[in-house]
């Protein structure tokens with residue numbers, strides 16, 4: 001397959017470092033990154049970024065990092081994250097991004113599994129204490145580097161070590177990563193069982209990065225922004241790697257804030273945004289509350305869960321943007337996506353067609369399976385788990401899907417989220433989308449709970465918009481939309497908010513645990 005992928009241009013012989021060098025050569029003074037931090041806005045040009053990468057890479061070598069070693073990075077969305085990831089490639093190292101919400105238990109598990117030698121994290125918050133404890137029990141962890149924290153016993157200061165020291169860069173050329181090398185280990189959320197360390201090469205990352213830039217016709221003239229953490233695959237691929245590939249400007253926000261997102265669109269002329277449906281809903285509500293000039297913003301790519309039709313409609317009306325729906329996961333990035341030539345409302349009824357280098361099929365029971373050039377290399381230290389997910393080379397995603405009627409797919413939910421009521425499968429996604437059209441529903445999730453007679457029944461967990469609705473109001477609403485009674489929720493819970501991951505996905509396992517599902 002390697003030769004097929006190379007011959008078709010789905011893989012290549014170069015890496016993201018070559019993308020950086022090309023951009024720095026063509027437009028050295030163009031901003032590569034505009035980072036909206038907690039207190040300031042920082043701009044780094046492509047020429048400046050290229051120089052920073054050399055210095056930081058040499059600083060990694062000084063810490064003993066060599067080809068194939070792992071560097072863990074638990075940083076917010078900032079220019080230092082991008083510079084450090086590029087420096088890892090320059091030194092031949094592997095990046096292990098860690099979500100900011102991860103704490104002692106998860107960090108110790110991941111550092112032990114990866115054998116990380118260096119860990120970079122913010123000085124603020126609990127990270128320094130956590131890492132001191134982890135280093136005491138995991139022998140591979142040699143160096144802790146803290147960002148913007150001054151001196152601390154047993155830790156290095158990021159600026160003092162990497163930026164204020166005149167390192168010799170002469171030893172880097174023999175270390176630099178190649179296209180087929182392992183580039184990244186990113187752990188899944190681990191909501192059930194142990195987290196799995198997804199392994200990607202520079203080439204599999206290249207393939208998944210192109211899925212959006214090529215499908216949506218993005219260029220170096222675009223200005224790209226995103227609400228997801230860059231330690232999540234969506235942020236890593238499409239707000240770090242994709243702008244590098246295109247030579248485009250990326251605008252970061254330290255942490256998700258819909259008001260800040262609209263501000264930076266207005267100030268920086270952002271043309272492309274991406275995020276989970278939650279982020280799109282937040283942006284719509286914020287624009288209604290405090291309108292800004294969003295005329296530059298053309299596209300909002302949305303993934304993580306199917307987009308309710310009402311959200312697609314409101315995005316056009318309130319934000320003035322075209323919504324594109326996509327489906328993907330940590331293991332393979334964006335696999336299916338709606339296209340510019342599709343009707344504007346296609347995102348409300350489809351999760352798109354597969355990109356050229358990926359194949360999808362719907363197996364028995366509606367299980368979605370995929371294979372192709374952006375599929376990961378496996379799970380670090382657990383080849384058994386990866387093999388168990390394969391059937392004749394097809395990777396079982398754990399998602400349920402159906403044919404959308406347009407040559408693509410429509411996600412119907414997760415296998416573990418399936419509700420079977422008296423032998424009848426409840427179309428969870430469709431019920432949630434219908435309930436969102438009720439005036440009193442701001443957010444909703446449908447989960448199953450055990451029932452002796454029917455096996456399972458459906459519970460609606462609602463975040464109210466105003467006075468909480470009654471169950472009878474919601475079922476009457478569904479009846480008015482013509483939905484079969486077997487699909488109606490038979491229990492209602494009203495919560496102040498739904499638990500979500502940093503990338504905006506609802507954590508349904510927590511909901512099921514809470515209601516006794």
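Regarding residue 325, is this residue free of Cβ contacts under 8 Å to residues at least 60 places away in the same chain, assigned by TED's automatic domain parsing to the domain that holds residue 228, under 22 Å from the mean Cα position of the chain (by Cα) and more than 30 Å from residue 378 (Cα to Cα)? In short, no.
Tell me, please, whether a residue that is closer than 27 Å to residue 179 by Cα, in contact (Cβ under 8 Å) with a residue 12 or more places away in the chain and in a strand (DSSP E or B) can be found in the range 100-118.
Residues of the range 100-118 that are closer than 27 Å to residue 179 by Cα, as a first pass: 110-118.
If we keep only those that are in contact (Cβ under 8 Å) with a residue 12 or more places away in the chain as well, we get 110-118.
In the following step, the residues that additionally are in a strand (DSSP E or B) were identified as 118.
Yes.
Of 462, 431, all but one fail to be more than 16 Å from residue 485 (Cβ to Cβ), in contact (Cβ under 8 Å) with a residue 12 or more places away in the chain and surrounded by 14 or more Cβ atoms within 10 Å (Cβ to Cβ); the exception is 462.
Of the listed requirements (1) in contact (Cβ under 8 Å) with a residue 24 or more places away in the chain; (2) outside any helix (DSSP H, G or I), residue 234 misses just one: (2). Checking 432, 456 one by one, the residue that is part of a helix (DSSP H, G or I), in contact with a strand residue (DSSP E or B) (Cβ under 9 Å, 6 or more places away or on another chain) and on the phi < 0 side of the Ramachandran plot is 432 and no other.
Quick one: in the range 47-65, of everything that is assigned to a loop (DSSP other than H, G, I, E, B) and touching a helix residue (DSSP H, G or I) at 6+ places or on another chain (Cβ under 9 Å), which residue is surrounded by the most Cβ atoms within 10 Å (Cβ to Cβ)? Among those residues, the one meeting the criterion is 65.
Of all residues in the range 494-505, exactly one satisfies the criterion of being surrounded by 17 or more Cβ atoms within 10 Å (Cβ to Cβ) and over 17 Å from the mean Cα position of the chain (by Cα), namely 498. When residue 508 is tested against (1) modelled with pLDDT under 90; (2) over 25 Å from the mean Cα position of the chain (by Cα), only condition (2) is not met. The one condition from (1) in contact (Cβ under 8 Å) with a residue 40 or more places away in the chain; (2) out of contact with any strand residue (DSSP E or B) (no Cβ under 8 Å at 6 or more places or on another chain); (3) part of a loop (DSSP other than H, G, I, E, B) that residue 509 does not meet is (3).
For the range 264-279, a residue qualifies if it is in contact with a helix residue (DSSP H, G or I) (Cβ under 8 Å, 6 or more places away or on another chain), closer than 19 Å to residue 337 by Cα and either in the same structural domain as residue 429 (by TED's automatic domain parsing) or at pLDDT 95 or above (or both), and the qualifying residues are 273, 274.
Has the range 463-481 got any residue that is within 25 Å of the chain's Cα centre (by Cα) and outside the structural domain of residue 352 (by TED's automatic domain parsing)?
Looking for residues that are within 25 Å of the chain's Cα centre (by Cα) and outside the structural domain of residue 352 (by TED's automatic domain parsing), one finds at least one in the range 463-481, hence yes.
When the test is whether a residue is in contact (Cβ under 8 Å) with a residue 60 or more places away in the chain, under 23 Å from residue 242 (Cα atoms) and touching a strand residue (DSSP E or B) at 6+ places or on another chain (Cβ under 8 Å), residue 339 passes it. The set of residues in the range 204-231 being in contact with a helix residue (DSSP H, G or I) (Cβ under 8 Å, 6 or more places away or on another chain) and either in a loop (DSSP other than H, G, I, E, B) or not assigned by TED's automatic domain parsing to the domain that holds residue 279 (or both) consists of 218, 219, 220, 222, 227, 228, 229, 230, 231. Any chance you could count how many residues in the range 360-385 are surrounded by fewer than 15 Cβ atoms within 10 Å (Cβ to Cβ) and assigned to a strand (DSSP E or B)? Residues that pass the stated criteria total 1.
The values are calculated or read from the model by the stated rules, or taken from the named source; none is laboratory data. Here the structure is a predicted model, which is why all the values come from computation and not from measurement. Heads up, the Cβs are rebuilt from the backbone with ideal geometry, glycines too, and the neighbour counts pull from every protein chain shown.
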